[in-house]
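The values are calculated or read from the model by the stated rules, or taken from the named source; none is laboratory data. What you are looking at is a predicted structure, and each value in this text was computed from that prediction instead of being measured. Please note: Cβ atoms are built from the backbone with ideal geometry, for glycine as well, and neighbour counts cover all protein chains shown. Each accessible area value is taken on the protein alone, full model and side chains, heavy atoms only, with ligands, DNA and RNA left out. Shrake-Rupley method; radii C 1.70, N 1.55, O 1.52, S 1.80 Å.
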Amino acid sequence: TEREVLAMTTRPRREGSSMALRQNLRIVIADDEALRLLSLRQQLEGMGHQVVGEATTGDEAVRLARELKPDLMIMDIRMPGMDGIDAAKAITAERPIPIVLVTAYSEKSLAERAAGAGIFAYLMKPVSEADLLPAIILATSRFEEFRELRKDIDDLREALEARKLIEQAKGILMNRRNLTEQEAFRRMQQQSQNENKKLVEIARAIIMADKML
């Protein structure tokens, strides 16, 4: 109904970040150094998270992300073959998730590449638990905001388009049938119920028929 269309445009944004508050995230870690993987695993498990996979190359990280569908990934930049930034691009292209990038370098070019790869947080080596916790919270919070924003934008566009079509269809009925706005809308509602179709579909049909006359 028209009220439902209006509600879509005014639905309040959810507050807080459910993922950011979780203490049992399923995490995949990637680093070409075995000792760093071990240290990172111990830190994460000590924080209550579950390390579900370990990768030593970027290609392996992409494969594990696809197979294990983790809640979050923590990856080193420098790895054999595909580096962490290219791996992040490949992962987010298939299934966006929060990614924390770990690096021993502070090169501007790396930061610029990372920004374009959907990285949500950065960590400099050596990684301490004191740095790891806020980085995870930051990455998951930013990801939730990104996901909600993208969802809101999609819904808003759909709602605005529906609203525009409904108004256009009402105007056609008012002009052709000499109806009031309320009468035109009630006719559209009745047709929607009779045909078991969405109101916006009825509006599109009215507009299409008017163009053919």
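Quick notes
- When GLN50, GLN23 are checked against the criterion of being surrounded by fewer than 17 Cβ atoms within 10 Å (Cβ to Cβ), at pLDDT 95 or above and out of contact with any Pro (no Cβ under 6 Å at 6 or more places or on another chain), a single residue qualifies: GLN50.
- Residues being closer than 17 Å to PHE143 by Cβ and either of a type in the set (Ser, Thr, Tyr) or in a helix (DSSP H, G or I) (or both) - total across the stretch 45-60: 0
- For the stretch 158-172, the criterion of being open to solvent by 70 Å² or more (accessible area, probe 1.4 Å) and of a type in the set (S, T, N, Q) is met by at least one residue.
- Residue within the stretch 158-169 that is under 22 Å from the mean Cα position of the chain (by Cα), within 30 Å of LEU72 (Cβ to Cβ) and modelled with pLDDT under 85 present: yes
- Being of a type in the set (Lys, Arg) and assigned to a helix (DSSP H, G or I) is a description that applies to ARG41.
- Residue satisfying all of: in the stretch 128-142; of a type outside the set (S, T, N, Q) and touching a helix residue (DSSP H, G or I) at 6+ places or on another chain (Cβ under 7 Å); modelled with the lowest pLDDT among these: GLU129
- When residues of the stretch 69-107 are limited to those that are among the hydroxyl-bearing types (Ser, Thr, Tyr) and either on the phi > 0 side of the Ramachandran plot or assigned to a loop (DSSP other than H, G, I, E, B) (or both), the one modelled with the lowest pLDDT: SER106
- Residues that are within 19 Å of MET73 (Cβ to Cβ), open to solvent by 70 Å² or more (accessible area, probe 1.4 Å) and aliphatic (A, V, I, L, M) do occur in the stretch 128-137.
- Test: PHE120 is among the aromatic types (Phe, Trp, Tyr), at pLDDT below 90 and farther than 30 Å from LEU35 by Cβ: no
- All of (1) open to solvent by 10 Å² or more (accessible area, probe 1.4 Å); (2) within 18 Å of the chain's Cα centre (by Cα) hold for TYR105 with one exception: (2).
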